1. Those residues that are in a loop (DSSP other than H, G, I, E, B), closer than 18 Å to residue A:252 by Cα, among the small types (Gly, Ala, Ser) and facing another protein chain (nearest Cβ under 8 Å), I need them from the stretch A:37-48; list them, please.
2. Hey, residue B:45 hits all of (1) within 21 Å of the chain's Cα centre (by Cα); (2) not assigned by TED's automatic domain parsing to the domain that holds residue B:114 but one; which does it fall short on?
3. Can you say whether residue A:131 is more than 9 Å from chain B (Cβ to nearest Cβ) and either more than 26 Å from residue B:11 (Cβ to Cβ) or aliphatic (A, V, I, L, M) (or both), as far as the supplied structure shows?
4. Name the residues in the stretch B:69-102 that are polar (S, T, N, Q) and in a loop (DSSP other than H, G, I, E, B), would you?
5. If you take the residues in the stretch A:55-68 that are at the interface with chain B (Cβ under 8 Å from one of its Cβ atoms) and in a loop (DSSP other than H, G, I, E, B), which one is nearest to residue A:184 (Cα to Cα)?
6. Does residue B:88 satisfy being under 29 Å from residue B:118 (Cβ atoms), modelled with pLDDT of 95 or more and among the aromatic types (Phe, Trp, Tyr)?
7. Yes or no: residue B:51 more than 7 Å from chain A (Cβ to nearest Cβ), modelled with pLDDT of 90 or more and within 16 Å of residue B:149 (Cα to Cα)?
8. Taking the stretch A:146-169 as the search range and keeping residues that are of a type in the set (A, V, I, L, M, F, W, C) and part of a strand (DSSP E or B), which one is farthest from residue A:222 (Cα to Cα)?
There are 2 protein chains.
Amino acid sequence: MDNKEQKHTDVNTLGEFGLIERLTSDVGTHHDTTVKGIGDDAAVLKYGSEHLVVSTDLLVEGIHFDLIYSPLKHLGYKAIVVNLSDIYAMNATPQQVTVSVAISSKYSIEAMEELYAGIKEACRRYDVDLVGGDTTSSPKGMTISVTAIGKVDKDKITYRSGAKKGDIVCVSGDLGSAYLGLQILEREKQLYLSNPGIQPDLEDQQYVLERQLKPEARKDMIAYFEKDKLVPTAMMDISDGLASDLMHICKASDVGAYLEEAKIPINQQAQMLAIKFQLDPITTALNGGEDYELLFTIDEKDLEKIRYMPSTYIIGEITDKEDGIKLHTSGGNIHPLKAQGWTHFSE
Amino acid sequence: MDNKEQKHTDVNTLGEFGLIERLTSDVGTHHDTTVKGIGDDAAVLKYGSEHLVVSTDLLVEGIHFDLIYSPLKHLGYKAIVVNLSDIYAMNATPQQVTVSVAISSKYSIEAMEELYAGIKEACRRYDVDLVGGDTTSSPKGMTISVTAIGKVDKDKITYRSGAKKGDIVCVSGDLGSAYLGLQILEREKQLYLSNPGIQPDLEDQQYVLERQLKPEARKDMIAYFEKDKLVPTAMMDISDGLASDLMHICKASDVGAYLEEAKIPINQQAQMLAIKFQLDPITTALNGGEDYELLFTIDEKDLEKIRYMPSTYIIGEITDKEDGIKLHTSGGNIHPLKAQGWTHFSE
């Protein structure tokens, strides 16, 4: 009876990041327990002498996951992992998670037990306490909301905004595999829908499928940083894609950057699959998303510390803002980097 | 291609509380930053010397709200308030909230701005910082997830489990109005759907409508407790209904209780509307839900402190567990109390 709007501007005109920016641009913070509000992987709070980070995520069936090919146990595991990844991206150690699940009546108790088996498995593996949550009903499909809380020493908090000219750009592992895993699953889904009797042969695609269905968060990197007394100057996790996420760091830090195409780590299986799918492997690495690797920058004085750090790849350098964000191709050309990350709204 | 279950047990067989209990019964906590996990209005954490409470909620269109009669601004306001109510129910002071919203493409930017106007209005009014959140897309409808964080002195934390025999049962305001507000809105919706030209006359129903559409959390009560140095022995907020929520306290505290029917506060407008709807006013007060009043118990030695406390009603007493949970009717009869709270699954 209400809700008649004078004007209707499609949310697609702004995209996901544009929309939240528009909605929250006037939001300030004023409690002394709030150190950093909206705008990073996680909010930073200060209670007493302790610093906490808090991150929250909403996973929606049909947008973020497809139960035709996501086993529920994997889905529960992934729902936790993607949130913990945000906590690690602040150089923090996760402590607690809360989980809320809305489900339609098509889900059985056994299905929910599968989902929770994955949730609990991730909590055990990453050593976090499941401290809250509820289940409620939904008219259609499943929605999972996870909030993760971590702790961090004040002098180790790593924001997106600390990168400066001359810093080295690093990534914690290979990129593009999760995206290729998704391509395979989508292809198999189409085959299955047209012929449910078919049994998919996914044998030699195990690596990329696992990267998509059951990703891991880089807990180990935080331990390496701690051990080597290295504090990155900026960090975030790669959820939207290397290109898009590097742009976030550059924007927050008010700098430019270049990436060396030849240095970007791509798994061999992923490389071959990309070609099979007639995709440029480097494009899948730059724009694929959902890799949940850590993208971070370090001061050049710390170069020696990372040279022998396990699974750490140097892929570029931070430059002046005026120099823009560039890709140095293997062929010797320089291109402006384009972000084609997963902005669900504009699909 | 997976997810074929051997067994399919309908979630309705357990209900909302039964399901989450079954899914999380084996979940323990082991971090020393975790004081209390699943099972109260909020989790209790301890970071350094500070105690925090954390609560999270998922509101789903078509289940928890209906946009035919919920103005988006009110909805945003209510989404925050119902979470803060859980924080107050721990006798804590909310500090931060995070908000995630999933929307289908039918929602315009202007609609989202309305929703966020309500969210920000509630944050201002309750003095909390909006520190995180995101928007994402949904195949259908809207889902809102809110997490609230508050702080509390260790010796003031009020769990559901502290009620003991002889304690006095209190409530912070009148009950049943929100439910009656919902009945009116549902009736008007039916009228509107059958004749969209009709203009509803809601003049003299303002109070119950506001209780439903734009409820307030009892921030003031926490201030009264502080001022009078009163710490309730147990507390929770009334979201499911007085009967159901009292049962939660009794179960957690391992006690029984009785309520005096004549003492349960019911607003006069609500009383008249109940009769108009051919509902028993006391039934709406016991089972209506969504009142977001605080239900709490106090030691009898504190009786003098609440006698003159604003909007505090003494409605019963805690008894032995063996005595069960009873209603003393105005007619002098004693009935076992039945909970008919809103368990969405079993609708």
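1. If the condition is that a residue be in a loop (DSSP other than H, G, I, E, B), closer than 18 Å to residue A:252 by Cα, among the small types (Gly, Ala, Ser) and facing another protein chain (nearest Cβ under 8 Å), then A:37, A:42 are the ones that fit.
2. All conditions are met except number (1).
3. So residue A:131 fails the test.
4. Answer for the stretch B:69-102, where residues must be polar (S, T, N, Q) and in a loop (DSSP other than H, G, I, E, B): B:70, B:91.
5. A:68
6. yes
7. yes
8. A:146
The values are calculated or read from the model by the stated rules, or taken from the named source; none is laboratory data. These numbers were taken from a predicted model, which means no experiment stands behind them. Positions of Cβ are backbone-derived with ideal geometry, glycine not excepted, and every protein chain shown enters the neighbour counts.
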